[in-house]
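A quick write-up on the structure given underneath.
The values are calculated or read from the model by the stated rules, or taken from the named source; none is laboratory data. None of these values were measured; they are calculated from a predicted model. Cβ: placed from backbone, ideal geometry, glycine included. Neighbour counts: every protein chain shown. Only protein heavy atoms, including side chains, enter the accessible area calculation; ligands, DNA and RNA are left aside. Shrake-Rupley method; radii C 1.70, N 1.55, O 1.52, S 1.80 Å.
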Amino acid sequence: MYIDFPEVHLTVQGMEHVVIPKMVTIRQKYDAGKITDLARHIRFQMENNLENRERFRGRRICLTVGSRGIPHLVLILKTVCGILKEWGAQPFLVPAMGSHGGATAEGQRELLAGYHVTEESIGVPILSSMEVVRYGELPDGTPLYCDRNAWESDGIVVFNKVKPHTNFRGKHESGMAKMIAIGLAKHKGASMFHMEGFGRFAELIPKIVQIFLEKAPVVFAVGVVQNAYDEICSLEVCEKEGLLQKDAELLEVAKRRMPKFKFEDCDVLILDEIGKNISGNGYDPNIVGRNTSEGFPGEFHAKKLFIRGLTRETHHNGSGLAMADISTRRCLNEVDWEPTWINAVTATVLNAGRIPMYANNDREALLLCIRTCNGTRFDRVRIARVKNTLSLDRIQVSEALYEEIRDREDVELAGGPEEMQFDEKGFLL
């Protein structure tokens, strides 16, 4: 469902005093440690951490694949599947994405294809279905579900990235445990679980995992952590008995390695793009400091948030736009509101489906942001512009903001100052 938003014509007093500042390009420095030979590392992990490889011979083994972007995903999946084949197994993939992809089997297969994960690229079947099996329930009667293809396999490999969640805090947030509780539960199970509310996720996720591990044919787990440069810095393989402990350990690694701004706040934050491949919110609220859940501890504050566009990989899902102070007509016209609202309803957070104010182009949106920043001198406005929340190493900041951080050892000048460049239609280049 697309909406053709009309042009907007606003009369705003005082716009003649607004100045768009020159911008400086900087590099924010982080720990760049990463795994340099992933295939070799995966083989070492599987051969040294998994016992009795004969148990895989002749078995149909299911690997879970989520909707979050993981670098080198094809290499990782192909390597894990290749080793399983060497051990005599018959591996296959299932999309474990809850309600993503419009809550359809074909939509979830298309999301995987957007990451170049296809039957041809990995060399194994992809069984995409929204059918589930009910395998238990929580003490309050909430039913628990699992993807039917995974449940009926001879073994499940729980594979997922591990990172801080965007809506709650706990020992287990986004990771292997959440993949079991929500991703593998598909649309039906994710909807049932989200009705408990984010406030109970930290308590309930490990309980669900314990039930699942007792009943489901889980064989082992693979957890991945990315560093601030969006490269894999940790990849661990463990037997199913160690899944919860490893999930908690990797979450602590992820919290240490995730990027943060080298400044605590700004007047205007410009995000060039958001998308489900970046975060469930489209951007990472742990970085931006905004999400749709009340009480989330924001670690950064921007007076105004301007979101310019969507990633190609998000397939027109506009989740995250609701928290923008402003966007553009072009961006909103790109949104498919049906899958966007399905995500909001599944999460039981209806304010995530709100439509923000918009302008006709980037220039007008930026001028409105600056004009409406209370207590800000227009000639000293503090602006930051980033591609997305996975790309914080090289960003742009206004001269006034750069003056505040220029002496930090973890900040390096890369270019500028220079005027912001717009095309003939008023969009940023």
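Table for the structure above
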item	result
Per-region count, region 357-368, residues buried (at least 24 other Cβ atoms within 10 Å of the Cβ) and within 13 Å of VAL18 (Cα to Cα)	2
Residue selected from region 184-198 under the condition touching a residue at least 60 places away in the same chain (Cβ under 8 Å) and open to solvent by 10 Å² or more (accessible area, probe 1.4 Å), by the criterion farthest from LEU138 (Cα to Cα)	HIS187
Helices (runs of 4 or more DSSP H) contained entirely in region 298-386, each with at least 2 residues that are of a type in the set (Phe, Trp, Tyr)	337-346
From the options GLY102, GLY88, GLY114, residue that is more than 16 Å from VAL237 (Cα to Cα), in contact with a Phe, Trp or Tyr (Cβ under 8 Å, 6 or more places away or on another chain) and either open to solvent by less than 30 Å² (accessible area, probe 1.4 Å) or without any contact (Cβ under 8 Å) to a residue 40 or more places away in the chain (or both)	GLY88
Residue satisfying condition, being free of Cβ contacts under 8 Å to residues at least 60 places away in the same chain, of a type in the set (Val, Ile, Thr) and either more than 22 Å from SER174 (Cα to Cα) or out of contact with any Cys (no Cβ under 7 Å at 6 or more places or on another chain) (or both), within set ILE83, ILE61, ILE42, ILE76	ILE83
Count - residues of region 3-59 that are open to solvent by less than 90 Å² (accessible area, probe 1.4 Å) and in a helix (DSSP H, G or I)	12
Answer residue from region 249-280, given it is among the aliphatic types (A, V, I, L, M) and outside any helix (DSSP H, G or I) and is most open to solvent (accessible area, probe 1.4 Å) among those	MET258
Condition met for LYS246 (open to solvent by 40 Å² or more (accessible area, probe 1.4 Å) and assigned to a helix (DSSP H, G or I))	yes
Test: MET179 is in contact (Cβ under 8 Å) with a residue 24 or more places away in the chain, touching a Ser or Thr at 6+ places or on another chain (Cβ under 7 Å), surrounded by fewer than 21 Cβ atoms within 10 Å (Cβ to Cβ) and within 24 Å of GLY102 (Cβ to Cβ)	no
Residue count for region 88-104, restricted to those that are more than 16 Å from the chain's Cα centre (by Cα) and within 17 Å of LYS161 (Cβ to Cβ)	2
Residues (closer than 17 Å to GLN28 by Cβ, assigned to a helix (DSSP H, G or I) and out of contact with any Phe, Trp or Tyr (no Cβ under 7 Å at 6 or more places or on another chain)) located in region 400-429	TYR402, GLU403
